[in-house]
Amino acid sequence: MAEPRFYFSLRSPYSWLAFRELSTRYSDVAERLEWLPFWEPDRDTDALLVERGGRFPYVEMSRAKHLYVLQDVARLARERGIALRWPVDRAPVWEVPHLAYLVARRHGVGPQYLAAAYRARWERGHDICDRATIRAIGAEIGIDGDELAATADDPALRREGADVLLRGCRDGVFGVPFFIQGRGRFWGLDRLAAFADHLGAAPVPDWATTTVGADLGADSDHAGGCG
């Protein structure tokens, strides 16, 4: 059976909510997934992607959709008992947090990095494209923060990132969260249950998910796209 994959973006609130759902209700699914970042590349990464025959499927969000997302995400967070803090992105370079994930994964703390980065962005309102934020996340999860913060300057990591984006392009990813297994493709937070069913996984009952599971290194202080 083909390995199931989860494409996510740290920019996306729906990816954040999917991460939390995977951490609580679908932890058995989470352990089976290959986790792959999918982000809007800057000019340099986009050039590397084009060299490899890829094309990032970016479509600028309309004002109407943006306003809907603000309302929808606030509603979803409220239903889940999560205190949401909207971040402000100032000239973001999405390589900074997403290439840092590749390094954290190499160190064996990929899930812990994602939990800390999502928490910083969506529960504390921090700018995760700020290298100081990434440096602090490194300290929080016990790895070299300077190494994490410098990933966007590393040509080898840029190439690795372009290869990951190319995989997403070839998998037909057009938004996140995006779940794939074999020929099955599931887009969006509201398709997570169907994806779990496709994999033959049973969700954990609501009463058993009062905190985010520790297996993924997520925050246990809370009860348990922009894509």
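At-a-glance table
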read-out: Every pair of residues 6+ apart whose Cβ atoms lie under 8 Å, when the first sits in segment 150-161 and is part of a helix (DSSP H, G or I) while the second is surrounded by fewer than 17 Cβ atoms within 10 Å (Cβ to Cβ); value: ARG158/ASP44
read-out: Test: ARG25 is among the charged types (D, E, K, R) and more than 21 Å from PHE186 (Cα to Cα); value: no
read-out: In segment 13-54, the residues that are more than 21 Å from GLY108 (Cα to Cα), touching a helix residue (DSSP H, G or I) at 6+ places or on another chain (Cβ under 7 Å) and β-branched (Val, Ile, Thr); value: THR45
read-out: Test: GLU3 is within 28 Å of ILE141 (Cβ to Cβ) and loosely packed, with under 13 Cβ neighbours inside 10 Å; value: yes
read-out: Residue list for segment 133-149, filter: within 23 Å of PHE19 (Cα to Cα), in a loop (DSSP other than H, G, I, E, B) and touching a helix residue (DSSP H, G or I) at 6+ places or on another chain (Cβ under 7 Å); value: ILE143
read-out: Hits in segment 123-132 - residues which are among the hydrophobic types (A, V, I, L, M, F, W, C), outside any helix (DSSP H, G or I) and surrounded by fewer than 23 Cβ atoms within 10 Å (Cβ to Cβ); value: CYS129
read-out: Wholly within segment 12-122, helices (runs of 4 or more DSSP H) carrying at least 3 residues that are more than 20 Å from ALA194 (Cα to Cα); value: 43-51, 63-79, 95-106, 110-118
read-out: Residue that is modelled with pLDDT of 95 or more and either among the hydroxyl-bearing types (Ser, Thr, Tyr) or surrounded by fewer than 16 Cβ atoms within 10 Å (Cβ to Cβ) (or both), where the choices are ALA156, ALA162; value: ALA156
read-out: Subset of segment 169-218 (residues that are at pLDDT below 90, over 17 Å from the mean Cα position of the chain (by Cα) and not aliphatic (A, V, I, L, M)); value: GLY200, PRO203, PRO205, ASP206, TRP207, THR209, THR210, THR211
read-out: Qualifying positions in segment 42-77 - of a type in the set (Ser, Thr, Tyr) and within 14 Å of LEU166 (Cα to Cα); value: THR45, TYR58
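The values are calculated or read from the model by the stated rules, or taken from the named source; none is laboratory data. For clarity, every value in this text was computed on a predicted model and none was experimentally measured. Cβ: placed from backbone, ideal geometry, glycine included. Neighbour counts: every protein chain shown.
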